[in-house]
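Below is one structure, written out as structure tokens; comments come after it.
The values are calculated or read from the model by the stated rules, or taken from the named source; none is laboratory data. Note that the structure is predicted; figures quoted are calculated from it, not measured. Note that each Cβ is placed from the backbone with ideal geometry, even for glycine, and that neighbours are counted across all protein chains shown.
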Amino acid sequence: MSDTAKEDAMTSAARGADVASLHDHVAGPGASGQSNGLEATRTSNAQETLPRPDTGLSQDLDRVSLVQALIDAEAATARVIDLTERLVDARRQMGELRGELEQLRIEYEQYRAGQERLRSSKAFRLAERLWTIRNALGI
Amino acid sequence: MPSASEAPPWRVLVALLVYNGEALVTQCLRSLSSLEASPHSIEVLILDDASPAPGWSERCQALCSDLGFSYYRSPRNLGIPRNMNLGLLWALERGYDAVVLLNADTVVPVNLIPQLIEPLRGSDDVSSVTAWSNNVSIYSLPTEEPDLLGSSPDLVNWVSAVMEREFGGQTIDIPSAMGFCMAIPSAVIHQVGIMDPVFGRGYSEEIDWCLRSHSLGYKSLLAPSCFVYHAGSGVNKVEGLVGGANRLMSANQAIIDTRYPLYSAQIDAYWASTLPGDLRERGTRAIVIGAAKEQGYRLDAGWLQRRPSDEQVVRFRIDPVEAFPAVTGSYLGFECTLPVGPGGVVETLESIVGAPPKEIRIHDRGSRSSELIGAAAVRSGTQLRRLPYDERVF
């Protein structure tokens, strides 16, 4: 599936889920069976327990709110998709950098061990003493 | 573009964002019922963001009904940015010319609408106008006694009327509007869009909106001619929506810093300029001197900055010796400093206020105190009181 197709599929899924969920909230649990459009939420038998004084105003604001909620959900989905892609990319980069870091650590340890071997050899210690004597004599 | 006076009046929607906070909201609603509309028409829409407090939504609805306001309760909690968006979208839906987004922890003055709307009508490059307030972030006109204003719409009206006389519709360019009380023209909403819901429960969403509008060539204004009392995070703090070292605020601030790296420098530049200080000084002087002219004043000579027992009395205080040649005036917790002229303290105040003090109180002895005792002796309308220790209010 292409990136665009995946994005469309996720957006559609989010839209369906949100409409169903919002439908329950706006129209009440009794108003089921219509979840495929904004008008589906505008039922006359809304089971609201909380104040809904001006039915016309409430219904219109419900509609405005619902449309915006769907747009917000689409935007949120698109953002999740975008951020997920960035996260995957960042994780990949992090993995590569960790590998590079480990490689450098190993190389450094090898270099340090080589240096240590060199410093502990008889020839190095002899040369070091000779340099000390030369420095003391000012030669 | 026709000038503001020639343009036809606007239809203005005031969208009040409510979430619990019954005491604060009730005051706010009552102040909204006194709004002066002329020449515009005003409709008030209360957007109750599914307040969970038992019975509050019903009471709020009943109060709105009594006051003739529209009321809408969201089926579920949206958070401040999305509740704001509902107001913005409703303004577009119903063809309002402008929308005023208002927090519920405010008390508005009668001159709110004309003072916020005129700058929008007079220019087509303004995306928002913010009212002045005791609590509006770096733009505040601070008072030591904010509760006095919060409990009295008359005082808020008085302060706002003084500010209107002082500033006469003048506006100040600011880095960003503040969402507690901002007017937005509908034409700009069409271009800029609405608040970004990424700001969750709120804070900084209006800064993001303003900075988006600035990128399109608009600017944000502060209207010092209009003073709104603002409790400040009143509802959110009470309801626990902010807390935990203000994590929400810092998270949202991080979004702003990421999107607009220059914004904090703009704030620093504004703060470093003489503008905020001059504005505050001018505002507080207008309040203190205006009140002194209307109701008279008292002059105190003493070393200590005593907290007065009655902040509704206009009071000037001066050190009892002449080392510091300035007098500090205070009223309703607003404070200003006035330089003392060569004629002395009482003459300076008489020339500014137009009348001698009603009363001079001597708290401590000194050369200045002696001068005041002499000044009181030659002014028949001035009462002199020397306060022994037990009468002093610390």
Consider only pairs whose beta carbons are under 6 Å apart and that are at least six residues apart or on different chains; among these, list those whose first residue lies in segment B:191-203 and is more than 14 Å from every other protein chain (Cβ to nearest Cβ) and whose second residue is of a type outside the set (A, V, I, L, M, F, W, C) and outside any loop (DSSP other than H, G, I, E, B).
B:Val192/B:Arg212; B:Val192/B:Ser213; B:Gly202/B:Pro81; B:Tyr203/B:Asn252
Candidate set: segment B:51-80, residues that are of a type in the set (A, V, I, L, M) and crowded, with 18+ Cβ neighbours inside 10 Å; chosen: the one farthest from the other protein chains (Cβ to nearest Cβ):
B:Ile80
Considering (1) touching a strand residue (DSSP E or B) at 6+ places or on another chain (Cβ under 8 Å); (2) more than 10 Å from chain A (Cβ to nearest Cβ); (3) over 27 Å from B:Asp147 (Cα atoms), say which one B:Pro39 fails and leave the rest.
(1)
Which residue pairs have Cβ atoms under 9 Å apart, sit 6 or more places apart or on different chains, and have a first residue in segment B:267-290 that is surrounded by 13 or more Cβ atoms within 10 Å (Cβ to Cβ) and a second that is basic (Lys, Arg)?
B:Ala286/B:Arg165; B:Val288/B:Arg315; B:Gly290/B:Arg165
Listed by range, strands (runs of 3 or more DSSP E) wholly within segment B:261-339 having at least 2 residues that are within 21 Å of B:Pro356 (Cα to Cα) and out of contact with any strand residue (DSSP E or B) (no Cβ under 9 Å at 6 or more places or on another chain) are none
Within segment B:85-102, tally of residues that are away from chain A (no Cβ under 11 Å) and over 21 Å from B:Pro114 (Cα atoms):
0
I'd like to check something: does segment B:111-130 contain any residue that is modelled with pLDDT of 95 or more, hydrophobic (A, V, I, L, M, F, W, C) and over 22 Å from B:Pro9 (Cα atoms)?
no
Among the residues listed as A:Leu57, A:Leu50, A:Leu70, the single one being surrounded by 15 or more Cβ atoms within 10 Å (Cβ to Cβ), over 26 Å from the mean Cα position of the chain (by Cα) and either modelled with pLDDT under 95 or facing another protein chain (nearest Cβ under 10 Å) (or both)
A:Leu57
Of all residues in segment B:264-290, how many are out of contact with any helix residue (DSSP H, G or I) (no Cβ under 8 Å at 6 or more places or on another chain) and within 26 Å of B:Ala161 (Cβ to Cβ)?
9
Output the residues belonging to segment B:54-88 that are of a type in the set (A, V, I, L, M) and over 19 Å from B:Leu24 (Cβ atoms).
B:Leu78, B:Leu86, B:Leu88
For B:Val198, indicate whether it is over 30 Å from B:Ala7 (Cα atoms), outside any loop (DSSP other than H, G, I, E, B) and of a type outside the set (Lys, Arg).
yes
B:Pro356 outside any strand (DSSP E or B) and at pLDDT 85 or above:
yes
Given the conditions (1) closer than 23 Å to B:Gly283 by Cα; (2) part of a helix (DSSP H, G or I), and given that B:His190 satisfies all but one, which numbered condition is not satisfied?
(1)
